[in-house]
Amino acid sequence: MSIWEYANPKKFMQTSAWLLPWVTGLAVACLVAGLIWGFFFTPDDFRQGSTVKIIYLHVPSAMMAINAWVMMLVTSLIWLIRRHHVSALASKAAAPVGLTFTVIALLTGAFWGQPMWGTWWAWDPRLTSFLILTLFYLGYIALWQAIEDPDTAADLTAVLCLVGSVFALLSRYAVLFWNQGLHQGASLSLDKEENVADVFWFPLLVCIAGFVLLFVALVLMRTRTEIRARRLQALLARERLA
Amino acid sequence: MGALLIRDLRLAMRAGGGFGLGLAFFLLVAVLVPLGVGPEGDVLGRIAPGILWVGALLACLLSLDRIFALDFEDGSLDLLATSPIPLEGVVAVKALAHWIVTGLPLTLVAPGLGVLLNLPVAGYGWLVLSLLLGTPALSVIGAFGASLVVGVKRGGLLLSLLVLPLYVPTLIFGAEVVKRGAAGQAAEVPLLLLAGITLGAAALLPFAAAAAIRINLR
């Protein structure tokens, strides 16, 4: 039993068909439970009032926005090194999902920032690096769409993803240099004494789990679609030849 | 490699377009910005470092698609790829040629445009120094972007979408050097970081660009 078995599209389709309903169901359950718990059964914050509740959407989507890019980096590397098509397709499938999470994080942040900071947008390092991450996602998706040959597209986007990762990290630290922050520091670190208070922390954990599962479900679904689209193209090509 | 460099330089000079256009664009940016934000000297002086850097960056972007596209169309890129020079070397030489025809002239005219934008006197040396150190990074990163879209017809817009996010660190450190220099503060730290980006990009990106070209020629 090795993970490379799933490089075989047939095996991947079988396993993911079995896995998908479970992951989707769990994602929905976690999100419903976490969001209802978070929105209706937690107290208002002492200073932030009810706006604190946006944390249940903002933090998990921001986490997944970054993790989606990391996943794309890993799958791109696997594609470049081992030439497994499923890996390249998973990378392609993850990009729009990651972009959506990035936009959700930016929008929820703006809705929270308007009453709390008094502005929808500030050129804070975290906000700026997320905006730059959005641009990287857009470029990646646009490159996939611009190139017709699927293998060339997979190769070029994988190279872009590798180089883009380095520059995204560079930009992350360059903007720290460029401006001081308004955004609060990390409040979920595992190694810190004091984090978010437990009343907010437990529903947040459920929401994070829900977002992770949602991401996995969406990526599985989209990868399956991509594999089917690829099979369809192969069938059509065969028909033309016959 | 020397012959390739001379060939690229000759092509850039004689084909018209690329060489003068970037400079004209840079000049236009420096003229249009005061028209847009108003003639107050202190406002212009404060935004001059950023405007000059953004202008240089966009002027650089204009001619990027010419680095490989023409050679790809007439087939000389295939010849270069099969020639005894490694493709990484070809990329590096072409990026160098691009820098000589765009980055270097931009650096030389920048102080003149600084006068138009009322850049504080202390900033001129830093402006030239930062552009001199930073524009090679723009050319190398741009060559990488151009190598990705070499097979795409009308890839100009796509190229800017791919390349501009990659320009972010260079722009931040480059403009910061001039801003600090113009304000009379110590500008060595961003200058060193800028030089680091240029050296790192020049050392590593030709490999990525050569890989992309090989994929496109497959």
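Some observations on this one:
- Set A:ILE55, A:ILE132, A:ILE81: member being out of contact with any helix residue (DSSP H, G or I) (no Cβ under 9 Å at 6 or more places or on another chain) and aliphatic (A, V, I, L, M): A:ILE81
- In the set (1) surrounded by 23 or more Cβ atoms within 10 Å (Cβ to Cβ); (2) within 14 Å of chain A (Cβ to nearest Cβ), the condition left unmet by B:LEU164 is number (1).
- Number of the condition not met by B:GLY174 [criteria: (1) outside any helix (DSSP H, G or I); (2) in contact with a Phe, Trp or Tyr (Cβ under 6 Å, 6 or more places away or on another chain)]: (1)
- Scanning segment A:130-161 for residues being within 30 Å of A:ARG230 (Cβ to Cβ), more than 7 Å from chain B (Cβ to nearest Cβ) and assigned to a helix (DSSP H, G or I) gives a total of 14.
- Residue satisfying condition, being more than 19 Å from the chain's Cα centre (by Cα) and surrounded by fewer than 22 Cβ atoms within 10 Å (Cβ to Cβ), within set B:LEU157, B:LEU217: B:LEU217
- If you go through segment A:162-171 and keep only what is touching a residue at least 12 places away in the same chain (Cβ under 8 Å) and more than 9 Å from chain B (Cβ to nearest Cβ), you end up with just A:SER165.
- Taking the criterion of being more than 9 Å from every other protein chain (Cβ to nearest Cβ) and either among the hydrophobic types (A, V, I, L, M, F, W, C) or part of a helix (DSSP H, G or I) (or both), the residues of segment A:173-183 that qualify are A:LEU176, A:LEU182.
- Pick from segment B:152-171, criterion in a loop (DSSP other than H, G, I, E, B) and over 19 Å from B:TRP99 (Cα atoms), ranking: modelled with the lowest pLDDT: B:ARG154
- Segments classed as helices (runs of 4 or more DSSP H), wholly inside segment B:42-151, with at least 2 members that are of a type in the set (Ser, Thr, Tyr), under 19 Å from the mean Cα position of the chain (by Cα) and surrounded by 22 or more Cβ atoms within 10 Å (Cβ to Cβ): B:123-148
The values are calculated or read from the model by the stated rules, or taken from the named source; none is laboratory data. The structure presented is a predicted model; accordingly, all values stated were derived computationally and were not measured. As a convention, Cβ positions derive from the backbone with ideal geometry for all residues, glycine included, and neighbour counts pool all protein chains shown.
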